[in-house]
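The values are calculated or read from the model by the stated rules, or taken from the named source; none is laboratory data. Here the structure is a predicted model, which is why all the values come from computation and not from measurement. Virtual Cβ from ideal backbone geometry, glycine too; neighbours counted across all protein chains shown. In case anyone asks, the SASA skips ligands and DNA or RNA and just uses the protein heavy atoms, side chains included. Shrake-Rupley method; radii C 1.70, N 1.55, O 1.52, S 1.80 Å.
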Amino acid sequence: QTVLNAGVASALIEILDGDAANMITPALRTVGNIVSGNDEQTQAILDAGFISRAKPLLNNPKRMIRKETCWVLSNIAAGTEEQIKAVMSRHGGMPLVVELAMSAEWEVRKEAIWVISNVATGGTSSNVLSLVECGAIDAVCSILNVNDSKMLMVGLDAIEAILKVGKHRGKDYISFVDECDGLEKLENLQSHEEDAVYEKAVSIIENYFGFEDEEDENLAPAVNGDTFAFGAPKTLDFESPCPANDQPMATYDFSN
């Protein structure tokens, strides 16, 4: 707050327009620290014009600059509805963030995934719809097999939030996740060593990919000699629901 009171927000943003990486990186770090504060401090950085500088910074060849820019955007995306809207604006560079989340160096990818997750979990349903149009589902699914429990939870939170909005808005995001190999990765996470990870994965599968138990009223036991046979059809019916399983650590394998 002392920095903002000194009126240096505009000066910091102006530095971001320069070409000197040795000046841009510390300026970005300072901006990131400011937007890590309260909503008023974040707004001061937005008012100084940070969003209009986001795209060039996300395209910068320097890895650290791209990483710090995503970090700043992720903190802004953790703010108010209007601040999330600013991140999702045409100047915010969300398509570039999604691209970085899929193909950049791991340090950059992590920060980019945080941006996506914060928008997905804190934004409006319209924000989430726009996020998906930018390719967010593919980006998030791409990290569901990494050896980083914290980032797995960030990704799972994003997927859960996106699927929830899709369900409420009548969007078939479930198929999107499946097409991105997301369901297979979710199934694999059911055996993850971290309780929080496998519990979240199971919860998502049960809520969005599971099947409701239904009794076939037309299926009556038939006598076969001295035993009962319960009339299972001779042809496989892949539309039949999976049997319920009340064990807390049970997994679901939809490949069989």
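The numbered conditions (1) open to solvent by 40 Å² or more (accessible area, probe 1.4 Å); (2) under 20 Å from residue 38 (Cα atoms); (3) under 14 Å from the mean Cα position of the chain (by Cα) are all true for residue 81 except (3). Among the residues making up segment 133-150, those that are closer than 22 Å to residue 187 by Cβ and not charged (D, E, K, R) are 136, 137, 139, 140, 141, 142, 143, 144, 145, 146, 147, 149.
Per the listing 140, 165, 154, the residue uniquely more than 10 Å from the chain's Cα centre (by Cα), open to solvent by less than 50 Å² (accessible area, probe 1.4 Å) and of a type outside the set (D, E, K, R) is 165.
Kindly provide the set of residues from segment 111-130 that are of a type in the set (A, V, I, L, M, F, W, C) and more than 14 Å from residue 76 (Cβ to Cβ), ordered by number. So that I can check it myself, show each step before the final result.
Step one: list which residues in segment 111-130 are of a type in the set (A, V, I, L, M, F, W, C), which gives 112-116, 119-120, 128-129.
Across segment 111-130, the qualifying residues are 113, 120, 128, 129.
Could you check how many residues of segment 11-56 are open to solvent by 60 Å² or more (accessible area, probe 1.4 Å) and more than 15 Å from residue 79 (Cβ to Cβ)?
Going through segment 11-56, the residues open to solvent by 60 Å² or more (accessible area, probe 1.4 Å) turn out to be 14, 17, 19, 22-23, 26, 29, 33, 36, 38-40, 43, 47, 52, 55-56.
Checking which are more than 15 Å from residue 79 (Cβ to Cβ) leaves us with 14, 17, 19, 22-23, 26, 29, 52, 55-56.
Summing the residues that are open to solvent by 60 Å² or more (accessible area, probe 1.4 Å) and more than 15 Å from residue 79 (Cβ to Cβ) in segment 11-56 gives 10.
For residue 199, the criteria (1) at pLDDT below 95; (2) open to solvent by 80 Å² or more (accessible area, probe 1.4 Å) hold in every case but one, which is (1). Quickly run through segment 89-102 and pick out the residues that are under 17 Å from residue 152 (Cα atoms) and surrounded by fewer than 22 Cβ atoms within 10 Å (Cβ to Cβ). Across segment 89-102, the qualifying residue is only 102. Annotation note: Cβ proximity below 8 Å between a residue of segment 191-205 that is within 15 Å of residue 159 (Cβ to Cβ) and a residue that is of a type outside the set (S, T, N, Q) and surrounded by fewer than 13 Cβ atoms within 10 Å (Cβ to Cβ) (sequence gap 6+ or interchain) occurs for 198/249; 202/250.
From the list 119, 146, the one residue that fits, being surrounded by fewer than 20 Cβ atoms within 10 Å (Cβ to Cβ), within 19 Å of residue 204 (Cβ to Cβ) and aliphatic (A, V, I, L, M), is 146.
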